[in-house]
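Student: Okay, handing you the structure first.
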Amino acid sequence: MSGFAKVITVSDRAFAGTRDDRSGPLGAELLTEAGWSTDVVVVPDEAVQIADALRTAVSDGARMVITTGGTGLSPRDVTPEATAPLLDRLIPGIAEEIRRVGAAHLPGAMLSRGIAGTFGGALVVNLAGSPGAVRDGIPVVLSIADHVLGQLDGGDHA
């Protein structure tokens, strides 16, 4: 199963144009290679704008929304807090596996506070903002995305 996926980069510097967004385009490239139609939007580390971008992605028909950035420990890292109130259901196992896979390469991956869940018929996953985190995380998401979306569409546990 594939469809439309949205990648939301959460970064004050990328939004301001003072840093290139490398993680968002990499996420879109990996999703495109897996058969998804994708695009990328960049928002600042502001909870209201992150939540608005998530709502817009789902209302525009995205079946999968990947955020990159804003999952760390700095005061401006608010992606999980912006995402959580929107989710219909949490899927902690996805976020746990992303941290496990990432920590095998970089122990700091354990510090990501990213969450995963469903929102309005879409799978939503927070990834850390580095290209390495996206390279590690997207395959984890893709390994379960079809099953999640099938379940959201009323499918059985095949």
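Student: Let's test the formula: R0 of 22 Å, r as the Cβ-Cβ distance of GLN151 and LEU90. What FRET efficiency results, to the nearest 0.05?
Tutor: 0.95
Student: Around ALA109, what is the net charge, scoring Lys/Arg as +1 and Asp/Glu as -1 over all other residues with Cβ under 14 Å from its Cβ?
Tutor: Numbers: positive: ARG99, ARG100, ARG113, ARG135; negative: GLU96, GLU97, ASP136.
Charge balance in the 14 Å sphere: +1.
Student: Any chance you could give the angle, 0 to 90 degrees and rounded to 10, that helix 92-105 forms with the longest Cα principal axis of the chain?
Tutor: It is inclined by approximately 50 degrees.
Student: Please compute the volume of the convex hull spanned by the alpha-carbon atoms of the range 38-158 and report it per residue in Å³.
Tutor: 98 Å³
Student: With a sphere of radius 12 Å drawn around the Cβ of PRO131, what net charge do the other residues whose Cβ falls strictly inside it have (Lys, Arg +1; Asp, Glu -1)?
Tutor: Net charge in that neighbourhood comes out at -2.
Student: Helix 23-33 versus the longest principal axis of the chain: what angle, 0 to 90°, nearest 10, using Cα atoms?
Tutor: Taking Cα atoms only, the helix is inclined about 30 degrees.
Student: Looking at the chain only, what percent of DSSP beta bridges run antiparallel? Nearest 5 please.
Tutor: Numbers: 6 of 23 bridges.
So the antiparallel bridges amount to about 25 percent of the total.
Student: Ok, one more. Amide H to amide H under 5 Å from THR68: which residues, 5+ apart in sequence or cross-chain, H placed 1.01 Å off N in plane?
Tutor: Amide H neighbours of THR68, under 5 Å, 5+ apart: ILE8, THR9, VAL10, LEU127.
Student: Can you compute the label reach from ILE144? Point 7 Å from Cα along the Cβ direction, backbone N cut-off under 13 Å, restricted to the range 101-136.
Tutor: Only 101, 115-118, 123-126 fall inside the zone, counting backbone N under 13 Å.
Student: Before rounding to the nearest 500, sum -39500 (n - 2.57) across all DSSP H runs of length at least 4 in the chain and divide by the residue total; then give [θ] at 222 nm in deg cm²/dmol.
Tutor: Roughly -13500 deg cm²/dmol at 222 nm, from the helical runs in the chain.
Student: With the convex hull built on the Cα atoms of the range 101-158, state its orientation-averaged projected area in nm². Don't skip to the end; give the middle numbers.
Tutor: Values: hull surface 17.8 nm².
So the mean shadow area of the Cα hull is 4.4 nm².
Student: Do you know the relative contact order of the chain, to the nearest whole percent, from alpha carbon pairs under 8 angstrom that are 6+ apart?
Tutor: 25 percent
Student: Where does helix 47-59 land angle-wise versus the long Cα axis of the chain, in degrees 0 to 90, nearest 10?
Tutor: With rounding to tens, the tilt is 30 degrees.
Student: Based on the Cα coordinates of the range 21-93, what is the per residue volume of their convex hull in Å³?
Tutor: Cα convex hull per residue, to the nearest whole number: 109 Å³.
Student: A further question follows. Please report the carbon-and-sulfur percent of the accessible area for the chain; probe 1.4 Å, protein heavy atoms only, DNA, RNA and ligands left out. Please list the in-between numbers first.
Tutor: Values: 4220 of 7500 Å².
It is 56 percent, rounded to a whole number.
The values are calculated or read from the model by the stated rules, or taken from the named source; none is laboratory data. If you're wondering where the values come from, they're calculated on a predicted model, not measured in any experiment. For neighbour counting, all protein chains shown are included, and Cβ atoms are generated from backbone atoms with ideal geometry for every residue, glycine included. Calculation scope for accessible area: heavy atoms of the full protein, side chains included, ligands and nucleic acids excluded. Shrake-Rupley method; radii C 1.70, N 1.55, O 1.52, S 1.80 Å.
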